[in-house]
Amino acid sequence: GQLLAKSWSSLFEGQAIAAPRGPIFSFNGRNVLTDPLWPHRLAWHGSTPRGGQARRRDCQGWRSSGPGEGLATPVGEGKLLAGQRHNCSEA
């Protein structure tokens, strides 16, 4: 019931989206907005600003024994696909 974006296209055009007001749960049931297990509160997506796959920036095939870089956006920043580079091993 929470508004994520004004329209589907606004997700990919870099327009501001609604900041989360309710909890966002991880697959193991933790609230990523408040749980200390999630210190950076990033939405990992590996996408270009227009919604395409960001090749070599999606952590696909990454293993902890090797380097890798992915794109993620801080949750609540307001632009879902405004990707910033992060090491794939970041929590």
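The values are calculated or read from the model by the stated rules, or taken from the named source; none is laboratory data. Since this is a predicted model, take the numbers as computed values, not measurements. Because the Cβ atoms are built from the backbone with ideal geometry, glycine has one as well, and the counts that use them run over all protein chains shown. Heavy atoms of the whole protein, side chains included, go into the accessibility calculation; ligands, DNA and RNA do not. Shrake-Rupley method; radii C 1.70, N 1.55, O 1.52, S 1.80 Å.
Can you name every residue in region 25-44 that is in contact (Cβ under 8 Å) with a residue 12 or more places away in the chain and either among the hydroxyl-bearing types (Ser, Thr, Tyr) or closer than 14 Å to Glu90 by Cα (or both)? Even if it seems obvious, please write down each step before you answer.
In the first step, residues of region 25-44 are kept if they are in contact (Cβ under 8 Å) with a residue 12 or more places away in the chain; the result is 26, 32-33, 37-44.
Hits for region 25-44 are Ser26, Leu37, Trp38, Pro39, His40, Arg41, Leu42, Ala43, Trp44.
Pairs are defined by a Cβ separation below 7 Å, a sequence spacing of at least 6 or placement on different chains, a first member in region 48-72 that is within 10 Å of Ser89 (Cβ to Cβ), and a second member that is assigned to a loop (DSSP other than H, G, I, E, B) and hydroxyl-bearing (Ser, Thr, Tyr); the pairs so defined are Ser64/Ser89. Any residue in region 71-89 that is among the acidic types (Asp, Glu) and either in contact with a Leu (Cβ under 9 Å, 6 or more places away or on another chain) or modelled with pLDDT of 80 or more (or both)? No, there is no match, as no residue in region 71-89 is among the acidic types (Asp, Glu) and either in contact with a Leu (Cβ under 9 Å, 6 or more places away or on another chain) or modelled with pLDDT of 80 or more (or both). How do the strands (runs of 3 or more DSSP E) wholly within region 30-91 filter down when requiring 1 or more residues that are open to solvent by less than 70 Å² (accessible area, probe 1.4 Å) and of a type in the set (D, E, K, R): which remain? Ranges flagged: 69-74. Scanning region 59-83 for residues that are under 10 Å from the mean Cα position of the chain (by Cα) and over 16 Å from Trp38 (Cβ atoms) yields Leu71, Lys79, Leu80, Leu81, Ala82, Gly83.
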